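All remarks here apply to the structure that follows.
The values are calculated or read from the model by the stated rules, or taken from the named source; none is laboratory data. All figures in this text were calculated on a predicted structure; none of them were measured in a lab. A quick note on method: Cβ atoms are made from the backbone with ideal geometry, for glycine too, and the neighbour counts reach across all protein chains shown.
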Amino acid sequence: MSKNKTPKKKEQYIPTCIFCKSKPLTLEHVWPQWIEKEFSKEGEDKHIVNNYQTLSQDGSRIRYSSKLLNRHVTRMVVKKVCVSCNSGWMSRIETESKPIIKSLILDESITLTLDEQTKLARWGVLRAIIGEYADAENHKQIISKEERLNFFQTKIPSPKFKIWVGRSLVKEGAWKQFFIHFNAYQSLQNLTLLSPPEPNLQWSLFVKGAFVIIIYWSEIQCDIILPAIISHKLVQIHPLENTSFKYESILSFSEEELEYIRKNLTKHSFAIAHT
């Protein structure tokens, strides 16, 4: 007569760090906490916007939806990174970029050298990766595991990232800020699909004071054409196009232009194959 076997306990899933797979996890702010501590809260935009859009090379849309979440941008936290990453290399990226970002927020006269552009681009990639988890229940993470691992190992953004900086008009005593995250599908071919495919690219837009940064990533390594109405007010910092440039030389975005970006960035941007 066989003895009754004790049923095996189901292994409990324990989440691990999105970069190094270690544990335990700790909280990380989507926006750096120092920004809220150092700058006035008056006039803040307290919303995060998520969009999903499907595009083809000819610009046709299959589906589009938008969600506005009433949150304090600088208070959003995610629990996706381990203590070692958070207090180690991530902290070093934050520390080296803080003086640059602070000057850009305040719209100070600053020349962004090649080294400073590289530091700023590195910071932007880190924020975009973390920001993808700000609405994890309703928003799929697009930046791949392989991309996160590559960034963890090298601390260098891959060519699949495109990063631009710009300037926003600042009203005295009011620090406008927002974080916008788009998911989309984009094809180098015209689409005739009956249902939308899974997203394969993401846009992240951070605005604080005068500081504007846009981070784009796509599975398709391609050139991206921005809407003409905004492209002349942005400077690409990754891949590098300028050895240096003066921040004050960038034309400022008006409130209306920032609203245009919020609503139309993916709609009027197109991917084209490398020639």
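The condition of being touching a Phe, Trp or Tyr at 6+ places or on another chain (Cβ under 9 Å), at pLDDT 95 or above and either of a type outside the set (S, T, N, Q) or surrounded by 15 or more Cβ atoms within 10 Å (Cβ to Cβ) (or both) holds for Glu96.
Checked against (1) among the acidic types (Asp, Glu); (2) surrounded by 14 or more Cβ atoms within 10 Å (Cβ to Cβ); (3) at pLDDT 95 or above, Glu132 passes all but condition (3).
Here's the yes/no breakdown for (1) in contact (Cβ under 8 Å) with a residue 40 or more places away in the chain; (2) over 13 Å from the mean Cα position of the chain (by Cα); (3) more than 17 Å from Val235 (Cα to Cα):
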site	(1), (2), (3)
Glu94	yes, yes, yes
Leu104	yes, yes, no
Thr113	yes, yes, no
Arg122	no, no, no
Leu126	no, no, yes
Gly131	yes, no, yes
Gln141	no, no, yes
Asn150	no, yes, yes
Thr154	no, yes, yes
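Filtered by the rule that a residue be among the polar types (S, T, N, Q), at pLDDT below 90 and either touching a Pro at 6+ places or on another chain (Cβ under 9 Å) or surrounded by fewer than 12 Cβ atoms within 10 Å (Cβ to Cβ) (or both), region 223-275 gives Asn264, Ser269, Thr275.
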